[in-house]
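> Here you go, one structure.
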Amino acid sequence: MTEQKIQQAYELARERYAAIGVDTEKVLDSMQNFHLSMHCWQADDVQGFEPREGGLTGGIQVNGNYPGKARNIDELRADILYAMSLIPGKHRLNLHEIYGEFGNKYVDRNEVTIDHFKGWLDWGKANGVKLDFNSTSFSHPKSGDLTLANPDKGIREFWIEHSKRCRAISQAIGEAQHDPCIMNTWVHDGSKDITVNRYMYRELLKDSLDQIFEQRYDMMKDCVESKVFGIGLESYTVGSNDFYTAYAAKRDMMITLDTGHFHPTESVADKVSAMLLFVPELMLHVSRPVRWDSDHVTLMDDPTLDLFSEIVRAGALNRVHYGLDYFDGTLNRIGAYVIGTRAAQKCMLRALLEPTATLREYELTGRTFQRLALLEECKVLPWNAVYDEFCRRNDVPFGETYIKAVEKYETEVTIKR
Ligand code: RNT
Ligand code: ZN
C-alpha cells in the first residue's frame, strides 16, 4: 500500500460520503480535535512508583505476566511516548497519584504535593501532552474495604486529606498547562457480604465528599466514578451509580462513566442523554468488560460505537472528556495502548460520519424503514479509508502496519527489561 493509494481510497470514500450529505473533511477536522486521555496505568499493571510492598488492592486486578512492563518513571514515559507515536492526533495522559516522582522516599498519601508532579509537568510541556489526574485509594495499608466511608474517623480523615491534596495538585497542573486538569474520584469502598448499615456508609461517603469538594477551583474539574462491584466487595458498593448520579446532579458536577461499571446488559450509551440534562459534563473511562469489569483492551465493539454515537447525536462532543481505562498484563502493553486508543478513535470517527440530519428527518416523519436501512448501510460505508487518511495526515502507520512497529520496540526495548 502506498500513500498515494491511501489518498485515492480516501477520495472515493469522500465522494461516497458526500452522496449522503457527510463532509469527510469536516469530520477529519473534528478528529484532529478529539483528544483521548490515555491512562498511565496500562504500562505497568497499575503499580505506580511508591516504594512499597504488596500488590494491587481495592477490588481491582491485573492478570498476566507479559514481559517488559515499565519498571520506573523513565521507562513508563518512554513507553507512553512510543505508543503515542503510533496513534494519530494529540492526546492527554491520565495520571494516578501513585505515579508521582517520590524518589526513594516514602511519601504517604496524605503528604503528597505538586512537587511530586513537577517532573510530569515538565514532561507534559516538553511533549505537548496535557495531564489529567486521579486520587488513589487502593494499594495502601489504610485502604482496607473502606476509605472515605470508613466509620473510623482517623482513616476517613486520612483519605479526605489525600483527596484534598490531589485536588490542589490538579489545580496546579491545570494552571501550569493553561487547560483544566480533570480529576477523577473513585474509591473502592464496599463489602463482601450482606451489609446492614448501607445508609450509614453512604452518609459517611457523602459527608467526606462534601468536605473534599468544599474548596472551589477554576483550573481543575472534578468527576466522580461509580461502580457495580469490586472483587471481594461483591455485595455492596458505597459509591453506586444511584449514589453518584444523585450526588453529581445535586452539586452540578461531572460524572465519570466507566463502561465496565454497570450490569452486563445495561447500555452505557443510553446514559449520555439522560445524564447530560442534569450534569454539566461527563468523563468517560472507556474499557471493555468481558462478563464483568475485567478491564480488557478497548475494541471497536457495538457498546463503544453506540456510546460515541450517542455523544455525537446529543451534540455533546465538547461536554465529554474521553479517558481510557483498562489494564491487561497478558499481552504487549504498548500494543494494548495502540489498539485501545485507535479503537476509540474509530468509534468516534464512525459516529461523526453518520448522516445524522437525514436520520433525524426520517425519524420525525415516521419513516422508520428508511431510518433502519440507512443505519444499516452506514455500517459498510468506507469509514476505514477515512481512518487511513487520518493516519496518513498525522504521519503514523495506517491499518495493521503498526503491528511491526510495536514488535520493533519490543525487540529493541521492552524485552530486554
Ligand atoms: C476501577 C475504576 C478505576 C480504576 C483506575 C485505576 O474499577 O475503573 O477507574 O480502574 O482508577
Ligand atoms: Zn474506571
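> Could you work out, for segment 188-323, what percent of all Cα-Cα pairs fall into each 5 Å distance bin, beginning at 0 Å and stopping at the bin that holds the largest distance?
Taking every Cα pair in segment 188-323, the percentages come to 2, 10, 19, 21, 19, 15, 9, 4, 0.
> Here's a follow-up. Please compute the net charge surrounding ASP115, taking Lys and Arg as +1 and Asp and Glu as -1 over other residues with Cβ under 12 Å from its Cβ.
+1
> Given 0.36 nm per residue, what is the gain on full extension from GLN370 to GLN8 after removing their alpha carbon distance, in nm?
127.3 nm
> If you place +1 on the Cβ of every Lys and Arg, -1 on the Cβ of every Asp and Glu, and leave all else neutral, what size is the dipole of the chain about its Cα centre, to the nearest 20 Debye?
I would put it at about 240 debye.
> Using amide H atoms built in the peptide plane, which far-off residues or other-chain residues are under 5 Å from ASP295 H to H?
ARG288, VAL290
> At a probe radius of 1.4 Å, what is the per-residue accessible area of LYS404, in Å² to the nearest 10?
Solvent-accessible area, nearest 10 Å²: 150 Å².
> Okay, moving on. What are the ³J(HN,Hα) values, in whole Hz, obtained from phi via the Karplus relation 6.51 cos²θ - 1.76 cosθ + 1.60 with θ = phi - 60°, for each residue of segment 324-338 in sequence order, with x given for Gly and Pro?
10, 7, 8, 8, 10, x, 9, 9, 3, 6, 5, x, 4, 4, 5
> Another question, if that's okay. Ignoring ligands, DNA and RNA, please state the percent of accessible area on the chain from carbon and sulfur, probe 1.4 Å.
51
> Can I ask one more? Equivalent ellipsoid semi-axes for the chain, as square roots of 5 times the alpha carbon gyration tensor eigenvalues: give them largest first, rounded to whole Å.
Whole-Å semi-axes of the equivalent ellipsoid: 36, 27, 19.
> A follow-up question, please. Give me the net charge for the shell around ILE255: Cβ to Cβ below 9 angstrom, other residues only, Lys and Arg +1, Asp and Glu -1.
After counting each charged neighbour, the total is -1.
> Below 8 Å, C-alpha to C-alpha, sequence gap of six or more: please give me the relative contact order for the chain in percent.
This gives 21 percent for the chain.
> To continue, here is another question. Ignoring ligands, DNA and RNA, how do HIS140, HIS263 rank by accessible area with a 1.4 Å probe, largest first?
In descending accessible area the options line up as HIS263, HIS140.
> Now a separate question. Spelling out what I want: for every residue of segment 35-51, take phi, set θ = phi - 60°, compute 6.51 cos²θ - 1.76 cosθ + 1.60 (Karplus), and round to whole Hz; glycine and proline get x.
With coefficients 6.51, -1.76 and 1.60, one gets 10, 8, 9, 6, 7, 5, 8, 6, 6, 9, 6, 6, 8, x, 10, 6, x Hz.
> Okay, moving on. Between THR113, THR245, THR265, find the one with the highest GNM mean-square fluctuation for the chain; connect C-alpha pairs within less than 10 Å.
Judging by the Gaussian network model, the answer is THR265.
> Once you list every other residue whose beta carbon is under 12 Å from the beta carbon of HIS285, what net charge do they have if Lys and Arg are +1 and Asp and Glu are -1?
-4
> Right, next: At a probe radius of 1.4 Å, what is the per-residue accessible area of GLU363, in Å² to the nearest 10?
110
> Order 303-309, 58-64, 332-338 from most to least packed using the mean count of other Cβ atoms within 10 Å.
Final packing ranking: 332-338, 303-309, 58-64.
> Another one. Please give the contour-minus-distance gain from THR265 to ARG16: 0.36 nm per residue of separation, less the Cα-Cα distance, rounded to one decimal in nm.
Extending this stretch completely gives an extra 86.1 nm.
> Work out the charge dipole of the chain with +1 on the Cβ of Lys and Arg and -1 on the Cβ of Asp and Glu about the Cα centre, then indicate which of TYR387, LEU374, LEU36 is farthest towards its positive end.
About the Cα centre, the residue reaching furthest to the positive side is TYR387.
> Place the peptides 101-107, 186-192 in order of packing, highest mean first, counting for every residue the other Cβ atoms within 10 Å and averaging per peptide.
186-192, 101-107
> Ranked from the most accessible area to the least, with a 1.4 Å probe and all protein chains present, what is the order of TYR82, TYR199, TYR99?
From most accessible down to least: TYR199, TYR82, TYR99.
> So, one more: Keeping all protein chains in place and using 1.4 angstrom, which order do MET200, MET220 fall into by accessible surface area, from largest down?
MET200, MET220
> Using only DSSP helix segments of four residues or longer, with each worth -39500 (n - 2.57), what per-residue ellipticity at 222 nm results for the chain after dividing by its residue count and rounding to 500?
One gets -13500 deg cm²/dmol as the mean residue ellipticity at 222 nm.
> Moving to a separate point now. Give the accessible surface of segment 313-417 per residue, rounded to a whole number of Å², with probe radius 1.4 Å and ligands, DNA and RNA excluded.
48
> Within the set LYS118/LYS164; LYS142/LYS271; LYS118/LYS346, which residue pairs have Cα atoms separated by over 28 Å?
Over 28 Å Cα-Cα: LYS142/LYS271; LYS118/LYS346.
> At 1.4 Å probe radius, can you tell me the per residue accessible area of segment 168-237 in Å²?
46
The values are calculated or read from the model by the stated rules, or taken from the named source; none is laboratory data. Note that this is a predicted model, so its numbers are computed, not measured. A quick note on method: Cβ atoms are made from the backbone with ideal geometry, for glycine too, and the neighbour counts reach across all protein chains shown. Keep in mind that these areas ignore ligands, DNA and RNA; they rest on the heavy atoms of the full protein, side chains included. Shrake-Rupley method; radii C 1.70, N 1.55, O 1.52, S 1.80 Å.
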